[in-house]
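The values are calculated or read from the model by the stated rules, or taken from the named source; none is laboratory data. Given the structure is predicted, the values throughout are model-derived calculations rather than measurements. Glycine also receives a Cβ, built like all others from the backbone with ideal geometry; neighbour counts cover every protein chain displayed. Quick note on the areas: whole protein, heavy atoms, side chains included, nothing else; ligands and nucleic acids left out. Shrake-Rupley method; radii C 1.70, N 1.55, O 1.52, S 1.80 Å.
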Amino acid sequence: MQIPLINLKKQYETIREDVDKNVLRVFSSAQYIMGENVKQFEKEFGEYIGVKHSISVGNGTDALVIALKALGIGEGDEVITTPFTFFSTAESISTVGAVPVFVDVRRDTFNIDPAEIEEKITSKTKAIIPVHIFGQPADMDEINEIAQRYNLKVLEDACQAVGAEYKHKKTGALGDIACFSFFPTKNLGCAGDGGMIVTDDDNLAVVCRALRTHGSGENGQKAYNFLNGINEEVEEDKSEDNTVYNPLKYYNYLIGYNSRLDEIQAAVLRVKLPLLDGWNDKRRKNAEFYNRNLSGTKLTIPHEDDYVKHVYHMYMLQSERREELVEFLKENGIATGIYYPVPLHLQKAYINLGYKEGSLPNAEYLSKRTFAIPMFAELTDEEKKYIVEKLKEFDE
Ligand SMILES: *Cc1c(COP(=O)(O)O)cnc(C)c1O
């Protein structure tokens, strides 16, 4: 049996008709940029998360960069985050000219340890970026409490946790601003790159909207006025078609980016969003099956906090003999993924920050033990049983 880590072909088979129809409609409309699908998807996504503003962008990394810029973070600032995450989280901090300050993680949830945050706060600290790693929300009450006490902003990196909940509230609605990725393998993935910024803050939203398109047009002017304390009416952008010609595009108010979600991606995402909760529930069922069948083995199964709804973007196991086990599974047709083999504080790209082996022991410990096994909504009973059987065979 051959089982991939994530099976995107199988998912497409279940939604083929609607995806094809929606995408073909985009082609015949010939409105590829900032059209009806993007507008509607932003609205639908915002309602789903429970936030006032959704600003779609080109990918999750751009979402982080633009959100940081909108928070006013740049040269000379420090941002606290976790070393046990995808590179983008820290990279975006560096991209805006600030310095990532890494705080160790909890060994059980792999999320930033709130008990270790305070000692890393300096006069330069401006924000905290918790990452809801592998689909499990971070300790947001504790993080928000610290942020409030030190007057810091909280930016959620929710790229792996769309649909996850913390105390019955969705991730993305738990801080000042939040970022999502629609990279194809994420729980809500498009057919290429895509991302989203969400916030309840009207001013942050306007600045993000301006930055994603060269600081131009209506939003550019509104953002400029907000940032410069100017109180004046801004004329509404009534242009219908952003693909061919929008005259307001040639009036620029801020230095921004070109980072938009395109119509084709939005058309795909509009088919998938209503199915997300069902898919996440299936992932949770798969995780329950794995947990039930693997407890009592030498493997460490993932811990789920009582007050969260984990959406298992990845199902992570831990083993003392990871490399051998991963090889054994590969020989038996079972794909695995090692997340993350090098914690960010020990990456070559961050050698200048001066961290050493031993600086953040939990992240380092986990980087030597964790691995993901196949996890997707369409996983069959037969596949799950086979995976468990092989894991147990190795364990004996
Ligand atoms: C995927 C991911 C990102 C980046 O998203 P892209 O769309 O690939 O740019 C950022 N942070 C985390 C935690 C991610 O998993």
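Out of 126, 282, 249, any idea which swings most in a Gaussian network model of the chain, alpha carbons joined below 10 Å?
249
List the residues, sorted by chain then number, that are 5 or more residues from residue 315 or on another chain and whose placed amide H is less than 5 Å from its amide H.
Under 5 Å from the amide H of residue 315: 373.
Mind listing the long-range amide H neighbours of residue 303? Cut-off is under 5 Å, sequence gap 5 or more, other chains count too, H placed in the peptide plane at 1.01 Å from N.
Answer set, sorted by chain and number: none.
What ranking of 48, 350, 251 comes out by heavy-atom accessible area, probe 1.4 Å, highest first?
Order by accessible area, largest first: 251, 48, 350.
Would you kindly derive the ³J(HN,Hα) couplings of region 81-93 from the backbone phi angles with the Karplus curve 6.51 cos²θ - 1.76 cosθ + 1.60 (θ = phi - 60°), listing them in order in whole Hz, with x for Gly and Pro?
With the stated coefficients, region 81-93 comes to 8, 9, x, 9, 7, 5, 3, 3, 3, 7, 4, 5, 5 Hz.
Can you compute the charge dipole magnitude of the chain about its Cα centre, using +1 on each Lys and Arg Cβ and -1 on each Asp and Glu Cβ, nothing else charged? Give it in debye, rounded to the nearest 20.
540
By average Cβ neighbour count within 10 Å, what is the ranking of 319-327, 56-64 from highest down?
Highest to lowest by the protection proxy: 56-64, 319-327.
With a 1.4 Å probe and every protein chain left in place, tell me how much accessible area residue 255 has, in Å² to the nearest 10.
Taking all protein chains as shown, residue 255 has close to 150 Å².
Per residue of the chain, what 222 nm ellipticity follows from adding -39500 (n - 2.57) for every DSSP H run with n ≥ 4, rounded to the nearest 500?
Computed mean residue ellipticity for the chain: -12000 deg cm²/dmol.
How high is the relative contact order of region 8-273, in percent, with contacts defined as C-alpha pairs under 8 Å that are six or more residues apart?
Reported relative contact order: 25 percent.
How large is the accessible surface of residue 65 in square angstrom, using a 1.4 angstrom probe and rounding to the nearest 10?
The value for residue 65 is about 10 Å².
Once the dipole of the chain is set up with Lys and Arg at +1 and Asp and Glu at -1 on Cβ about the Cα centre, which of 188, 110, 15 lies farthest towards its positive end?
Selected residue: 15.
Could you check the simple spin-label distance between residue 257 and residue 228, using points 7 Å along Cα→Cβ, in nm with one decimal?
It is 2.4 nm.
Provide the solvent-accessible area of residue 18, counting protein heavy atoms only and rolling a 1.4 Å probe, rounded to the nearest 10 Å².
Probe radius 1.4 Å; accessible area of residue 18 about 80 Å².
Give the separation of the Cα centroids, region 190-251 to region 63-95, in Å.
21
Antiparallel versus total DSSP beta bridges in the chain: what percent is that, nearest 5?
Within the chain, antiparallel bridges account for around 60 percent of the total.
To make sure I understand the rule: partners must be lysines, Cα under 16 Å from the Cα of residue 10, and not fewer than 8 residues away in the same chain. Which ones qualify?
Within reach: 186, 272, 282, 384.
Given H placed on each backbone N at 1.01 Å, which residues far from residue 99 in sequence or on other chains put an amide H within less than 5 Å of it?
Amide H to amide H, under 5 Å and 5 or more residues apart or across chains, residue 99 pairs with 77, 78, 79.
Could you go through region 277-290 in sequence order and give the Karplus-derived ³J(HN,Hα) for each residue, using 6.51 cos²θ - 1.76 cosθ + 1.60 with θ = phi - 60°, rounded to whole Hz, and x for Gly and Pro?
Ordered by residue, 3J(HN,Hα) equals 4, x, 5, 4, 5, 5, 4, 5, 5, 4, 4, 4, 4, 4 Hz.
May I ask you to rank 99, 198 by accessible area, largest first, using a 1.4 Å probe over the protein chains only?
If we order 99, 198 from most to least accessible, we get 99, 198.
Hey, what do the phi angles of region 379-395 turn into as Karplus ³J(HN,Hα) couplings, whole Hz, using 6.51/-1.76/1.60 and θ = phi - 60°, x for Gly and Pro?
Residue by residue, region 379-395 yields 3, 8, 4, 4, 5, 4, 4, 4, 4, 4, 4, 5, 4, 5, 4, 5, 5 Hz.
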